[in-house]
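To start, the structure under review is shown below, and the notes come after it.
Just so it is clear, none of the values below were taken in a lab; they were calculated from the coordinates. Computed from a prediction, not measured in an experiment: that's the story for all the values here. Quick reminder, even Gly has a Cβ in these numbers, built from the backbone with ideal geometry, and neighbours come from all protein chains shown.
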Amino acid sequence: MIVFALKCANGHGFEGWFRDGATYEVQEAAGEVACPHCGSNRVAKDVMAPRLNSARGEALEAKGMAREMRRMLLEVRRSVEQSCDYVGERFAEEARRIHYGETEARGIYGDASADEAAALEDEGIAVARIPWLRADD
């Protein structure tokens, strides 16, 4: 795993964890890296200091934390899949229909671009973007 300091076009700084540098490059080029603050997918690496572990214990602790975070994100994914309806690329449309009372209120999940998510938020529709880990990754 590698961590990069990232910054979106709106100036928000955040960290991103990736399998390796090439994985970041592929995801960034595809617009899959998004700012957790505003959802912008116009993201670039920011200046950062190198991480030097002062002891082997720190490296092991970081690996343990990463493992625990992965476990928790997979647990969130399983919970969402069990309790919500998957609506795929119709997410923004279905979220609006629920918000405006055109269909039954229920939990949904699916795919939305950063622009679609921002538009929903501008309309007062609550959305959350979460890292969607593949179980086999």
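Data table
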{"read-out": "Loop sites in segment 91-124: chymotrypsin sites (Phe, Trp or Tyr not before Pro), DSSP, at most 11 other Cβ within 10 Å", "value": "Tyr100"}
{"read-out": "Shape call, segment 1-41: gyration tensor on alpha carbons, a/c limit 1.5", "value": "oblate"}
{"read-out": "For the chain, convex hull of alpha carbons as volume per residue, Å³", "value": "122 Å³"}
{"read-out": "Helical mean residue ellipticity (222 nm; -39500 (n - 2.57) per DSSP H run of 4+; nearest 500) of the chain", "value": "-13000 deg cm²/dmol"}
{"read-out": "Partnerless Cys - the chain, beta-carbon criterion under 4.7 Å", "value": "Cys38, Cys84"}
{"read-out": "Nitroxide proxy distance, nm - points 7 Å out along Cα→Cβ at Ala126 and Ala30", "value": "3.1 nm"}
{"read-out": "Rounded FRET efficiency, nearest 0.05, which uses the C-beta distance separating Glu61 from Glu89 and R0 of 30 Å", "value": "0.15"}
{"read-out": "Förster radius 25 Å - calculated FRET efficiency between Met69 and Thr23, Cβ distance, rounded to 0.05", "value": "0.90"}
